[in-house]
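Below is one structure, written out as structure tokens; the observations come after it.
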Amino acid sequence: MIQKRSGPLVGIRILDLSTMIAAPYGATLLSDFGAEVIKVEMPLKGDSLRSMGPFKDGEPLRWPGLARNKKSLTLDLHHEEGQEILKQLVKESDLIIENFRPGTLEKWNLSYEELKQYNEKIIMIRVTGYGQTGPYSPKAGFGTPATAFSGYTYLQGYSDRPPISPSFSLLDYITGVYVAFAASTALYHRDAQDGEGQIVDIGLYESMFRMMEFLVADYDQNGVVKERSPGLSGHSSPAGTFQTKDGHWLVLVTSSDSTFTRLAKAMNRDDMLNDDRYYTNSVRLERFEETNGIVADWVKLWNRQELLAHLDEHGVPISAINSIEDIFSDPHYKARENIIEMSHPRLGNVKMPGVIPKFSETPGKVTNVGPDLGEHNEEILTDMIGLNEDKINSLKQQGII
């Protein structure tokens, strides 16, 4: 049962035609803050994410959290009648999110120009691997290849080993944040500035490449091709991953000379502050391995909890490298409500990430877990476009919904 919506986006209706992670995640972020999101899925099959692991007793465990707050409508857009139903839904909606390969919606007579005839203010966000234009636009677009294309994978790992791809769909989730940002921006332009509807074009790789200004600047001005290296080598020193006496791993960085000063005092190594080998970040970078080695030897003298308390007291940026087991028991995660619990019709109570960011006056909310396939067919088709029970049953029999 969907609870009453609340949040700053109440009154916004989104047709989520997308599948898998990137674009749907963006729609979910918007739904967390009150937008009504209607997830349009293929009859019988549904979103491919429904068949992606991990599973428990046949239930996809990602689905409840990634598709939360949404309604599910099954609709086969290959059929003309399915296309006409979507056009009627567009009349009553604000935003469309899709991630088909370029040209697919056009092939189905659902181009932006076509849909705009039904709602001139409609906004369409299009997510593909490489964007709607350019020589690579027709390529199949998935997160891991797009991550490699962005330049990110080239940097990850050790110089004497193969590059390492992220161990989860990092780029997809980053792109989802851009989807939500784009939607909010386009809605503001349309509604607060009396603007028009428009198309927003996002290539997966662009979401990561936008974060690479350091790469662009260094290559443009210095001709430097940054090679892969672990941690933050090349940016600040000391910085990296260090192991404590009791075998735990931590990350420590000194991204400024002031933080190195605090670390040196915590290590009782004030002498390094006046030593021309270590006294600034630029000279420490020239001795990165040596400086990191000094810190590594010192860290090995401490147990994890003692070291964390000591360096926190001195204001040194440090964190334990948390496993999910660590996170579940961490008091800060609990205090920030970063993990919430929702009721699921078959799994019982399920945990999922909480809503962020935290608004003081119009906080977001999770009203329901990811819906069952077609769970809201009758509600949507009746309330939004006035279909009667006989018509809905006919659509079911034809396999259109």
Query raised in the report: Which of the residues that make up the stretch 121-164 are under 29 Å from Tyr188 (Cα atoms), surrounded by fewer than 18 Cβ atoms within 10 Å (Cβ to Cβ) and out of contact with any strand residue (DSSP E or B) (no Cβ under 6 Å at 6 or more places or on another chain)?
Result: Lys121, Thr133, Gly134, Ser137
Query raised in the report: Thr254 versus (1) over 18 Å from Asn281 (Cβ atoms); (2) in contact (Cβ under 8 Å) with a residue 60 or more places away in the chain; (3) over 25 Å from the mean Cα position of the chain (by Cα): which is the lone unmet condition?
Result: (1)
Query raised in the report: Just to be sure, is Phe33 in the same structural domain as Thr367 (by TED's automatic domain parsing), out of contact with any Pro (no Cβ under 8 Å at 6 or more places or on another chain) and over 22 Å from Thr382 (Cβ atoms)?
Result: no
Query raised in the report: Applying the selection to the stretch 300-329, what residues are within 34 Å of the chain's Cα centre (by Cα) and of a type in the set (A, V, I, L, M)?
Result: Leu307, Leu308, Ala309, Leu311, Val316, Ile318, Ala320, Ile321, Ile324, Ile327
Query raised in the report: For the stretch 55-84, which residues satisfy the criterion of being farther than 27 Å from Gln3 by Cβ and touching a strand residue (DSSP E or B) at 6+ places or on another chain (Cβ under 8 Å)?
Result: Leu77
Report summary line: The lone condition Asp246 fails out of (1) exposed (fewer than 14 other Cβ atoms within 10 Å of the Cβ); (2) in contact (Cβ under 8 Å) with a residue 12 or more places away in the chain; (3) in contact with a strand residue (DSSP E or B) (Cβ under 8 Å, 6 or more places away or on another chain); (4) charged (D, E, K, R) is (3)
**Report entry** Boolean, Phe209 is over 30 Å from Pro102 (Cα atoms), at pLDDT 95 or above, buried (at least 17 other Cβ atoms within 10 Å of the Cβ) and touching a helix residue (DSSP H, G or I) at 6+ places or on another chain (Cβ under 7 Å)
**Finding:** no
Query raised in the report: Of everything in the stretch 165-195 that's over 28 Å from Ile122 (Cβ atoms) and in contact (Cβ under 8 Å) with a residue 24 or more places away in the chain, which residue is surrounded by the most Cβ atoms within 10 Å (Cβ to Cβ)?
Result: Ser169
Query raised in the report: On the given criteria, is Val90 over 30 Å from Thr241 (Cα atoms), touching a strand residue (DSSP E or B) at 6+ places or on another chain (Cβ under 6 Å) and of a type in the set (Val, Ile, Thr)?
Result: no
Report task. Collect the residues in the stretch 350-401 that are polar (S, T, N, Q) and free of Cβ contacts under 8 Å to residues at least 12 places away in the same chain, keeping them in residue-number order. Result -> Ser360, Thr382, Asn388, Asn393, Ser394, Gln397
Report task. Would you point out which residue out of Leu347, Leu373, Leu387 is over 22 Å from Arg13 (Cα atoms) and surrounded by 14 or more Cβ atoms within 10 Å (Cβ to Cβ)? Result -> Leu347
**Report entry** Those residues of the stretch 120-165 which are within 22 Å of the chain's Cα centre (by Cα), modelled with pLDDT of 95 or more and among the aromatic types (Phe, Trp, Tyr), in sequence order
**Finding:** Tyr130, Phe149, Tyr152, Tyr154
Query raised in the report: Would it be correct to say that Val40 is closer than 28 Å to Glu361 by Cβ and hydrophobic (A, V, I, L, M, F, W, C)?
Result: no
Query raised in the report: Residues that are free of Cβ contacts under 8 Å to residues at least 60 places away in the same chain and buried (at least 19 other Cβ atoms within 10 Å of the Cβ): which strands (runs of 3 or more DSSP E) entirely in the stretch 1-120 hold 2 or more of them?
Result: 36-41
Requested in this report: Only helices (runs of 4 or more DSSP H) wholly contained in the stretch 233-322 count here; list those with 2 or more residues that are acidic (Asp, Glu).
Outcome: 288-299, 304-313
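The values are calculated or read from the model by the stated rules, or taken from the named source; none is laboratory data. Keep in mind it's a predicted model, so treat the numbers as computed, not measured. Here the Cβ is made from the backbone with ideal geometry for all residues, glycine too, and neighbour counts use every protein chain on show.
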